[in-house]
Amino acid sequence: METTGSVGMLLQILIGGIATGSIYAVVGLGFTLLYRAMKMVNFAQGHVFMAGTFLGLIIANRFALPAIPLLLIVMVLAFLIGVVLERIVFRRLYHDHDVFIVGAIGLGIVLMNTVRVFFPEPVPFPKVFGERLVEFGGARFQEAYLWVIGCTVVLVALLHSFFTYTRHGRAMRAVASDAEIAGTVGVNVPRAIAHIFGLTFAVAAGAGVLIGPLYFVSFDMGDMVGLKAFAAAVLGGINSVPGTILGGIAIGLLENLAGTYISSAYKDLVAFVILLAMLVFRPNGLLGTSTPVKV
Amino acid sequence: MRNKLAAIAILSAAVAATSAQAEDIRIGVIAGFSGPGTSYGIGIRQGAEMAVKEINAEGGINGRKLELVVVDDGSNPGQSVTAMQRLINDKVDLIVGGWGSSQVLAAMEPAERAGMPYVVVGASNPRITTEKNKWTFRVLQSDTLQAEEVADIAVHRLGLKRIAVIHDANDYGVSNRESFVARMKKLGVNPVEVQVYQTTDKDFTAQLTRIRASNPDGLAIFGTIPAAPAIMNQAREIGIKAQFLGTTGIANENLITLAPKASEGTIFATMFHEDVDPDARKWSDRYVKEFSGGSQPPRPVLAAWEYRAIKFIVAPCLKKAGTDKDKFRSCLTTWKGRIFGLPDEAYFNKTNHLVQQSVIVQVGGGEFRAYKGDK
């Protein structure tokens, strides 16, 4: 066995932490996008992530697709499912935040139990990102870790350019800052909201495909990831896209570091202690801005 | 008037017929059909279904059919109390099942209070069968013996010197770690690293990186599916080449599905192996045939004890003592008999624990093989 010093150990922890953190960040983006547009929190986000993994699994088992087309197909399908669900269910729930939250929790339960009927046990995901091992500086990890990190960067860049440079993206931002005024200047508000909803589904499902090959997939895998992604969004600022990315990666890194150097028994605690501390001391998050109550 | 009388006569005859046709004997089955224990729960359910089907096909017990009442405890100790309470309220005659030491330790409390005979088939923590349990019986080997046996093999037969341990933080993982480490120390070997994880963890980079730094030649994994195969996969990925060891927690065919390459060579103590005797092989073939092709593959290791407990221990006692709980319990305490897969006659000791030897297997060529002792 190669000798691995404390530098190799630290590197291993950092890369693992950034990879899992990227997943929290991408899933957390779903919370952020919807919150910015609607001031609503979709607590089914983690289960959409899980359903996306299984969608990817079913497709990958049937057709031997390379990673990128698989990711794109899953994301497009998830987008469409999101738009349809918004139209037939969630649009009716916007009038009341409490009702919306209960509806979202309901969606999560439905998704989880539907998948459970077909996959009651954890199953392995095909290694769509290859099985090569990358080694440097005493750290060894699957190539898939790099895919996760790389895809997160690309995804965030794409989202950013979409919201900044395209007409449709700007229309969504207009709806997010003030739906009423956006409507009066000609933006199709219901459509923009439906598309934002679809987008939150697409990013969650994409994250699901990214993480699939790293671990086994099971119908209850979305619980913890959803909660940690929510903690990531709150840490960074739930109305800030860069904040959520930062929050996700910070939580991924911190829980891995705490797991190694303090005690692995308290690994999961990190995200929730951060969540509580942020809610008490800095509810707008690191990069978030407070939204003044409109009168 | 005559018509009325005739009607009454027919009615009373009908009533007499139903009461003569005795009620079903209801057997509760409790296990995890969701959560991390799912793949074990499925095996337990299949074993119960098979045993009950066979007994009913032969006419039941003293003319009474067996009926299963299956409840899910979500592989969660809190829920297992609720599940047990449901079975007690439902007035089942006895319970055969239970998977996971933490779940069983929690669920046996209400069973003891209600005086409900509870035959445990899937939990190995020594604290389940002490002097205090009156109604809880266990047919499975306890952690202490298994972990000690595996420690002996690691040190004596494999000659491992640098052994690391990673274990679940639950009652199963902790008691295995305690027995294993204590035995190793007696043999003059100190573990080079001990790490802990939570049952639902998916990423073990943090623990395994520490373990890798200790440069082990053996790694004992005291956990269950899906964590244990994930640990094996991730350990091999980051370059740990140590020999994997374990106990009944990983005695589940799903281990090989989830860690096809990484689990190869793993040595562990299990509760059943089909090659121990010809009858075990015959049963296993029959079982695999019956449950193949469904959405869940057959798992002989898990089904074996549930099947054997119902067929060889519970059924004879029901036949002899009936469903009166006190009589049934005392029948169990004096039960003695041969069961396929066990070398000697088995019986319950004074703590209601079935005395038996454990079976050591090694993963090889995608299956569990009886361990012969060569490296």
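Worth pointing out:
A quick yes/no check of all residues on (1) surrounded by 17 or more Cβ atoms within 10 Å (Cβ to Cβ); (2) away from chain B (no Cβ under 14 Å):
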residue: A:7; (1), (2): no, no
residue: A:20; (1), (2): yes, no
residue: A:24; (1), (2): yes, no
residue: A:96; (1), (2): no, yes
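- Only listed residue being in contact with an Asp or Glu (Cβ under 8 Å, 6 or more places away or on another chain) and of a type outside the set (Gly, Ala, Ser), chosen from A:100, A:129, A:125: A:129
- Residue in the stretch B:205-217 that is nearest to the other protein chains (Cβ to nearest Cβ), counting only those that are among the small types (Gly, Ala, Ser) and surrounded by fewer than 24 Cβ atoms within 10 Å (Cβ to Cβ): B:213
- Residue-level check: of (1) within 16 Å of residue A:198 (Cβ to Cβ); (2) free of Cβ contacts under 8 Å to residues at least 40 places away in the same chain, residue A:40 misses just (2).
- Pairs are defined by a Cβ separation below 9 Å, a sequence spacing of at least 6 or placement on different chains, a first member in the stretch A:130-145 that is under 24 Å from residue A:64 (Cα atoms) and part of a loop (DSSP other than H, G, I, E, B), and a second member that is of a type in the set (S, T, N, Q) and at pLDDT 80 or above; the pairs so defined are A:130/A:142; A:131/A:142; A:132/A:142.
- Which numbered condition residue B:232 fails, given (1) surrounded by 24 or more Cβ atoms within 10 Å (Cβ to Cβ); (2) at the interface with chain A (Cβ under 8 Å from one of its Cβ atoms); (3) touching a Ser or Thr at 6+ places or on another chain (Cβ under 6 Å): (2)
- Of all residues making up the stretch A:229-281, the number that are farther than 20 Å from residue A:35 by Cα and in a loop (DSSP other than H, G, I, E, B): 4
- Which listed residue, of A:257, A:286, is modelled with pLDDT under 95 and more than 24 Å from residue B:226 (Cα to Cα): A:286
- Conditions (1) in the same structural domain as residue B:226 (by TED's automatic domain parsing); (2) in contact with a Phe, Trp or Tyr (Cβ under 9 Å, 6 or more places away or on another chain); (3) crowded, with 19+ Cβ neighbours inside 10 Å; number of the one not met by residue B:302: (1)
- Residue match in the stretch A:125-148 (condition: touching a His at 6+ places or on another chain (Cβ under 8 Å) and more than 14 Å from every other protein chain (Cβ to nearest Cβ)): no
Rundown of residues vs (1) surrounded by 15 or more Cβ atoms within 10 Å (Cβ to Cβ); (2) not aliphatic (A, V, I, L, M), yes/no style:
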position	(1), (2)
A:222	yes, yes
A:245	yes, no
A:279	no, no
A:283	no, yes
A:289	no, yes
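- Breaking point among (1) free of Cβ contacts under 8 Å to residues at least 24 places away in the same chain; (2) farther than 19 Å from residue A:225 by Cα, for residue A:172: (1)
- Comparison of B:332, B:258, B:342 shows that the only residue that is of a type outside the set (Asp, Glu), touching a helix residue (DSSP H, G or I) at 6+ places or on another chain (Cβ under 9 Å) and within 14 Å of another protein chain (Cβ to nearest Cβ) is B:258.
- Residue match in the stretch B:324-334 (condition: within 21 Å of the chain's Cα centre (by Cα) and of a type in the set (Phe, Trp, Tyr)): no
The values are calculated or read from the model by the stated rules, or taken from the named source; none is laboratory data. Bear in mind the structure is a predicted one, so any value in this text is a computation, not a measurement. In this analysis, Cβ positions are derived from the backbone assuming ideal geometry, glycine residues included, and neighbour counts consider all displayed protein chains.
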